[in-house]
Amino acid sequence: MHYVILGNGVCGMEAALLLREREADARITLVSDEHDHFFSRPALMYVFAGQTSLRDTEPYDRGLYERMRFERVRMRVASVDTAGHALVFQGAARVGYDKLLLAVGSRGRPAPWPGSEGPGVHYFVTLGDLEGLDREAREGQRAVVIGGGLIGVEVAEILHDRGLPVTFVVRENWYFPLALDANEAQLVTEHMRHHGIDVRLGQNVEDILRGPEGRPRAVGLVGGEEVPADLVVAAIGVVPNTAFLAGSALNLSKGGAVEVDDALKGSAPDVWAAGDCANVTWSDGSRRPEQLWYTARDQGRVAARSMLGDDVVYRRGTWYNSAKFFDLEWTTAGFVPVLLNWDNTPLDPGPDVRSWFQRVPGRIVSQRVVVKGDRVIGFNFLGSRWDHEPLMQWIHERRSLSFVLEHLAEAQFDEEFMPRFRVLPTARLG
Amino acid sequence: MQAGLMNTYEHPVSNRQTVAWCLSGLLTVSYLLLYLGPIPALGIRWDVFQAGAEAAGLKSKWTLYGLLYTLAMIAGGVYVIRRHGSSRYQLIRTSVVVLVQIVFGFTLPIVMKVFGQQEHYFSYFWPLKIEYLYPSTVLGQPFLILAWSFLGSLVAFPILAYFFGKRFYCSWVCGCGGLANTAGEPFRHLSDKSPRAWKVEQVSIYSVLFLALVTTAIVWVNWAIGRQHADFARFAFKVQEWYGFAIGAIFSGVIGVGFYPLMGTRVWCRFGCPMAALLGLIQKFGRFRITVKKDMCISCGNCSTYCEMGIDVRAYAMANVDVKRAACVGCGMCAHVCPRGVLKLENKPIRWKAGTPIRVYAVDL
């Protein structure tokens, strides 16, 4: 049996390891044109800053491929011949497979504005993006980062750390409405501004203006303002890295993700897809890719079991996530409603859904507990650390707000000697 | 919570570049001069440190060394607190270890000397300071100091290590660890994380512990029977001298500090210190551990990179397994630099027993 895995990110690597664990004699080939070794994509910002080396971000030692007898193909795939069971590479070389896993991940969503094509406009998703930005970003240049999400704030931080004045252009009226409410976004925005980032909220980009040599000169905003820029980073989300699948027998979603069934099997024989590039069913019934580190890992494992013939299905569990906005850590678990649409119209959280919120005075720390009626359904914490495991258990146990507030300190996960959680008189439910 | 980014790999001195090799050479030669005095083979005929001490009005080169050591820790401590003071654990721990050095490691021994006493470093204990339980020390020191040494080494330390892990000593009190965690901070990421280094560590540190125990035993046997057996007395003296030179001077001093810029800090603590070996064994069965938050690790590697003891913390975090390693000195830096807050140093018996699996990612039909 020859398993071929396209992509050596967390999804592909986890699948390969599970396949090897179960089938000692199978031939397993990992294909990637990005890097010889599996590395941690969320760590790219630390490599840029020089906090870690690229090698530090490789979770396994470099002897792994040899030890696991993984064959490595370092080429870019041009297309998949599903009828002939083969990958076709640029230059027409072919690698046959018995079973194929597409774990090709994402790339930055292409900047849609006039003037986006050409030098000086960057993304920050792949190793190639990192190298490009690292080559060009020099102290003193003016940078404009466009996008109000997690990659945007990371890029703003590392560019600012390198000594570039950064303007952060956010389409929505508050930062990261996908995860934060107005109060929380206000805290994060103040924190970013305190660090010297020029945050522009509620601003749409009109075009990217270029100077006589073709380099970016400014970012034009709707309304006429021009923000001077030597360097532009588009951090407006990611799209499945599946351009090479256009025209193949595989069904793709409108957004380009590979349509898979519950066992992560694609629409062509012996082809599976997992991770960022797979269109999966979410707990609310919607179908979209899950662009997360831990779900890519989980999907890789499920896909491998499915390829081995196990009767498995992938089920999205309760949502949780964490991130860091400059120095501000964020933990979320459960259902936290999105309150602002991308076009800045308010969204209704639904009947009976309210938030218990408090801000700790003197520190950039806030706690929000989302309730439906009296039942706790979600958590959003800024500036302190929380173990999502008890939080999710309370959600599953349908605990009341008073129970949760009484026990919340047990879920605190801060370093020792940090102030313990307590309910403040200023806390309010609204 | 780490505030700001570190640009560790952009500084040549933290990055094994030429300047780092020069610094390492300078430190190594300094330590050789300190311990050996004149080195005729290198054409050095006089005791540089002793001459320097006398020129500065100090009687002994060891006072000068203590002064330089303490100043390096104060300067390094300020650096660490500026860099990592956003964490109260780092702030308090660093302040304590520097204060312990100033008071117990430097001032008190000098005061004792002024009052005509034999000097005693109250922050050091057997078997790290092996001579503190040699008969010559035991019989020559006042009762209170003796009680301090005995109770510390044999009673208090095992109990403290059981409840708090070896960190209570290795990164809160000990001068060796104190220097590593202050002046040595720019080099902590250079520790070798390979599985091979872990194997070497296990052989090496327990060998030194064995040597320390044997040496102590031989010295005591000699005290008991030496007067009747001149050959054994000579042998015991040789063993004692050899241990002091090879382990005390060369390993803990020359290699331990001299190789900071090349092998990272804590080379001695990790591969040699018999105290760390003993406390580590107790820690392994004790309460201290680094709790791992389930399925939240993004494998970025900050924890492993900044582990001065070369523990691959990330491997534990990725596998959702709490870190319980004899080597861990509990400096807390892994938890501090983790951008997802996955790690927590803890002594409590049980943290949380989850009733339900939180992510059912594969459902068997």
- For chain B, just give the cysteines left without a disulfide-compatible partner, judged by no other Cys Cβ under 4.7 Å. B:CYS22, B:CYS170, B:CYS174, B:CYS176, B:CYS269, B:CYS273, B:CYS297, B:CYS300, B:CYS307, B:CYS328, B:CYS331, B:CYS338
- Task: Taking the Cβ of each residue in B:LYS199, B:LYS294 as the centre, tally the other Cβ atoms inside 10 Å and list the residues starting with the fewest.
- Result: B:LYS199, B:LYS294
- Task: Loop only per DSSP, at most 12 neighbouring Cβ atoms within 10 Å: give me the chymotrypsin sites (Phe, Trp or Tyr not before Pro) in segment A:285-371, ordered by residue number.
- Result: A:TRP342
- Using a simple charge model, +1 on the beta-carbon of Lys and Arg, -1 on the beta-carbon of Asp and Glu, nothing else, what dipole does segment B:19-279 show about its Cα centre, in debye to the nearest 20? 580 debye
- Message: I'd like the FRET efficiency for A:LEU64 and B:LYS238, computed as 1/(1 + (r/R0)^6) with the beta carbon distance as r and R0 of 51 Å, rounded to 0.05.
- Response: 0.60
- Where the eigenvalues come from the Cα gyration tensor of segment B:85-163, what are the semi-axes √(5λ) of the equivalent ellipsoid, largest first, in whole Å? 26, 18, 8
- Task: Name the residue farthest towards the positive end of the dipole of chain B from the options B:LEU32, B:TRP242, B:LEU128, assuming +1 on Cβ of Lys and Arg, -1 on Cβ of Asp and Glu, about the Cα centre.
- Result: B:LEU128
- Message: From the convex hull of the Cα coordinates of segment B:286-346, what is the mean projected area in square nanometres?
- Response: 3.5 nm²
- Looking only at aspartates and glutamates whose Cα falls under 13 Å of B:LYS166's and that sit 8 or more positions away or on another chain, we get B:GLU346
- Message: Just checking the output field for B:7-14: average partner chain Cβ neighbours within 10 Å of each residue's Cβ?
- Response: 3
- Go ahead and set up a Gaussian network model of chain B, Cα springs under 10 Å, then flag whichever of B:THR137, B:THR291, B:THR265 fluctuates most. B:THR137
- Mean separation of Cα pairs under 8 Å and 6+ residues apart, divided by the residue count of segment B:286-346: what relative contact order is that in percent? 48 percent
- Note on the structure: Computed for segment B:286-346: size of charge dipole around the Cα centre, +1 on C-beta of each Lys and Arg, -1 on C-beta of each Asp and Glu, debye to nearest 20, value 180 debye
- Item | Orientation-averaged projected area, Cα convex hull of the protein assembly as shown (nm²) | 41.2 nm²
- Task: Grab the DSSP H runs of chain B that are 4 residues or longer, score each as -39,500 (n - 2.57), total them, divide by all residues and round the 222 nm result to the nearest 500 deg cm²/dmol.
- Result: -15000 deg cm²/dmol
- Item | Set of segment A:196-221 residues, backbone N closer than 20 Å to the point 7 Å along the Cα-Cβ line of A:ARG138 | A:210-219
- Message: Run the simple label-point estimate for B:LEU144 and A:ASP81 please: 7 Å along Cα→C-beta, distance reported in nm.
- Response: 9.0 nm
- Spherically averaged projected area in nm², based on the convex hull that wraps the Cα atoms of chain A: 22.8 nm²
- Find how many whole Å separate the alpha carbon centroid of segment A:246-305 from the alpha carbon centroid of segment B:55-128. 59 Å
- Task: Can you bin segment B:1-141 into rounded, prolate or oblate? Criterion: square roots of the alpha carbon gyration tensor eigenvalues sorted a ≥ b ≥ c, rounded for a/c under 1.5, prolate for a/b above b/c, oblate for the rest.
- Result: oblate
- In peptide B:338-346, what is the residue-averaged number of other protein chain Cβ atoms found within 10 Å of each Cβ? 6
- Query: With point charges of +1 on the Cβ of Lys and Arg and -1 on the Cβ of Asp and Glu, referenced to the Cα centre of segment A:121-234, which listed residue (A:VAL188, A:GLY147, A:PHE176) lies farthest in the positive direction of the dipole?
  - Reply: A:GLY147
- Return one number: the angle in degrees, 0 to 90 and rounded to the nearest 10, between the long axis of the Cα atoms of helix B:88-100 and the longest principal axis of the Cα atoms of chain B. 0 degrees
- Note on segment A:320-429: alpha-carbon gyration tensor, axes a ≥ b ≥ c; rule is a/c under 1.5 for rounded, else prolate if a/b larger than b/c, else oblate; result oblate
- Under a point-charge model restricted to the Cβ atoms of Lys and Arg (+1) and Asp and Glu (-1), what is the dipole moment magnitude of the protein assembly as shown relative to its Cα centre, in debye to the nearest 20? 2160 debye
- In terms of the alpha carbon gyration tensor, root eigenvalues a ≥ b ≥ c, rounded if a/c is under 1.5 and otherwise prolate when a/b exceeds b/c or oblate, chain B is prolate
- Query: Could you give the nm distance between label points at B:LEU99 and B:CYS22, where each point is 7 Å from its Cα heading toward the beta carbon?
  - Reply: 3.9 nm
- Message: Mean-square fluctuation check for chain B, GNM, Cα pairs under 10 Å: which of B:LEU146, B:LEU279, B:LEU343 is largest?
- Response: B:LEU146
- Task: Could you compute the FRET efficiency for A:GLU131 and B:GLN228, with r as their C-beta to C-beta distance and R0 at 60 Å, rounded to 0.05?
- Result: 0.20
- Message: Run the simple label-point estimate for B:ALA56 and A:GLU213 please: 7 Å along Cα→C-beta, distance reported in nm.
- Response: 5.3 nm
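Laboratory data are not the source of any read-out in this text; all were calculated from the coordinates shown. Since the structure is predicted, the reported quantities are computational estimates derived from the model, not experimental observations. When we count neighbours, we look across all protein chains shown, and the Cβ atoms used for this are built from the backbone with ideal geometry, even at glycine.
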